[in-house]
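A short worksheet on the structure shown next.
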Amino acid sequence: MRLGIKGLIDFALIIIFFVGFQGGKYFLSNRLQEVGIALTLLLFFYAAIQLAITKKKISWRWWFWSAPLLITYILGSSALIFSVNAGTAIMPSLFAAREFLIIFLAPALYFVYHLGYPLERLEKIFIFSLIIILLNYMVNYFRIDLPSAYFSAGYMSYLVTFDEWRGYRLKPPTFALFLLSIYALLMLFQNVSALKRVGWLLVLCLAAYIWFLIKARSQMAALALAIICYPILFSRPNRMNVLFIVGPVVLFLLIALGGILIDSFMSSEGASVRAASYSLAWDNVKQYPLFGYGQSSAYSKTYQDIFGNKFYPSDLGLIGISFKYGFIGLFIYIFYNFYLLRRIIRINWAYYYHYHTTNPLVCSLLILLTALTINLFLNPGLAYMQGLTVGALTIALTAAHRDEFKKQII
């Protein structure tokens with residue numbers, strides 16, 4: 001692969017990752033998302049055609065067709081079902097679910113790797129993109145008038161939250177913050193120069209300051225618990241045996257504390273509204289069990305137009321997934337979650353076996369996916385733009401590392 005082509009791919013990937021982790025949502029009504037999706041499709045078709053010409057020995061048909069088939073099912077079924085249930089046109093709902101097109105990133109990255117784009121370069125570009133995303137958040141946090149945005153009637157009102165304790169907060173690129181927090185922490189313990197160690201300390205301080213600004217208690221708790229789980233359960237193959245001991249204990253504690261957690265939930269701010277939304281969503285799941293209610297659109301009808309101003313399925317965890325996509329969609333999501341977790345665990349072990357060290361990015365992705373699994377019921381983040389980008393990267397990265405290991409064996 002020529003140097004000029006690599007530079008173009010670098011630029012395209014920075015835009016794609018920036019968009020995938022929602023860095024562009026703070027300006028131009030997130031129109032940059034369309035550019036990122038277009039670049040993803042362009043990169044996919046360019047790399048697929050180039051690789052087909054070279055006839056390399058990879059499962060080209062599987063990698064080429066798996067993404068479009070999955071995307072076609074999700075977009076087509078959710079748009080069609082909503083059109084039938086709500087009596088609207090199908091096209092607005094189809095475009096409302098366009099963020100699933102980022103799934104094309106998985107085969108695109110795998111194809112460009114086999115065209116000669118170095119795996120180490122991909123990882124560096126990704127981390128560089130995360131740093132840009134967090135710096136972009138800080139600029140917009142101080143640029144935007146948060147109270148005015150919160151009370152506005154436009155797009156920006158959805159990006160600002162408020163409560164009495166934490167005040168006005170700009171919604172962060174959560175997954176980028178998760179990954180860079182873990183990665184920067186791990187890099188402090190790597191064999192790098194003192195100057196780089198200082199640089200990573202500054203990056204960690206930046207991430208810590210953003211955590212301080214958003215005060216996301218549940219997310220910080222999930223991150224801390226996932227970091228604790230990593231050395232105990234997932235760092236080496238023999239650690240998995242601990243899971244069979246710890247698992248039943250954790251399950252017993254959750255059951256024992258279940259009543260207290262429910263009481264706390266019901267007495268918290270806005271709990272009555274969320275409880276009503278859960279009840280409404282579950283009633284509709286029972287009415288539309290297989291395919292759900294479908295994907296709404298602001299250009300036809302929204303869920304709020306049909307079910308009330310305070311009904312947001314994205315806030316309802318797995319119940320919200322079942323509401324939108326039915327039990328078939330719920331099964332796909334749960335399978336996808338544990339499939340990604342299994343892949344990243346196995347590659348983490350294989351990497352240590354081959355190189356006798358850990359890969360900071362692989363380890364960061366593993367801890368993030370562990371945190372998402374811990375919070376699976378309440379926050380199915382892999383079903384939305386940031387999570388889909390993480391999933392696509394995880395699939396491509398694990399496949400590329402697996403092929404690297406095969407080269408060493410041969």
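The values are calculated or read from the model by the stated rules, or taken from the named source; none is laboratory data. As the structure is a computational prediction, the values presented were derived from the model and not from experiment. Note that each Cβ is placed from the backbone with ideal geometry, even for glycine, and that neighbours are counted across all protein chains shown. In case anyone asks, the SASA skips ligands and DNA or RNA and just uses the protein heavy atoms, side chains included. Shrake-Rupley method; radii C 1.70, N 1.55, O 1.52, S 1.80 Å.
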*Which numbered condition trips up T161, out of (1) in contact with a Leu (Cβ under 8 Å, 6 or more places away or on another chain); (2) at pLDDT below 90; (3) under 16 Å from Y141 (Cβ atoms)?*
(1)
_Restricting region 331-351 to residues that are under 18 Å from the mean Cα position of the chain (by Cα) and crowded, with 22+ Cβ neighbours inside 10 Å, the residue that is nearest to N375 (Cα to Cα)_ = L340
*Within region 91-140, can you find the residues that are of a type in the set (S, T, Y) and either touching a strand residue (DSSP E or B) at 6+ places or on another chain (Cβ under 9 Å) or closer than 23 Å to T72 by Cα (or both)?*
S93, Y110, Y137
_Being within 22 Å of the chain's Cα centre (by Cα), surrounded by fewer than 19 Cβ atoms within 10 Å (Cβ to Cβ) and free of Cβ contacts under 8 Å to residues at least 24 places away in the same chain: is that true of F212 here?_
yes
_Candidates L177, L201, L170, L195, filtered to the one that is surrounded by fewer than 19 Cβ atoms within 10 Å (Cβ to Cβ) and either modelled with pLDDT of 95 or more or under 21 Å from V19 (Cβ atoms) (or both)_ = L201
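Taking the condition of being in a helix (DSSP H, G or I) and more than 15 Å from I14 (Cα to Cα), how many residues in region 107-116 meet it? Give the derivation first.
Narrowing region 107-116 to residues in a helix (DSSP H, G or I): 107-114.
Imposing the further condition that a residue be more than 15 Å from I14 (Cα to Cα) reduces the set to 107, 110-111, 113-114.
Final tally of qualifying residues: 5.
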*Are any of the residues in region 218-240 β-branched (V, I, T), open to solvent by 40 Å² or more (accessible area, probe 1.4 Å) and either at pLDDT below 75 or over 25 Å from the mean Cα position of the chain (by Cα) (or both)?*
no
*What pairs can you find where one residue is in region 131-156 and open to solvent by less than 40 Å² (accessible area, probe 1.4 Å), the other is in a helix (DSSP H, G or I) and polar (S, T, N, Q), and their Cβ atoms are less than 9 Å apart, with a gap of 6+ or different chains?*
A149/S157; G154/S29
*So which residues in region 370-391 are open to solvent by 10 Å² or more (accessible area, probe 1.4 Å), over 22 Å from L109 (Cβ atoms) and part of a loop (DSSP other than H, G, I, E, B), if there are any at all?*
N375, L376, F377, L378, N379
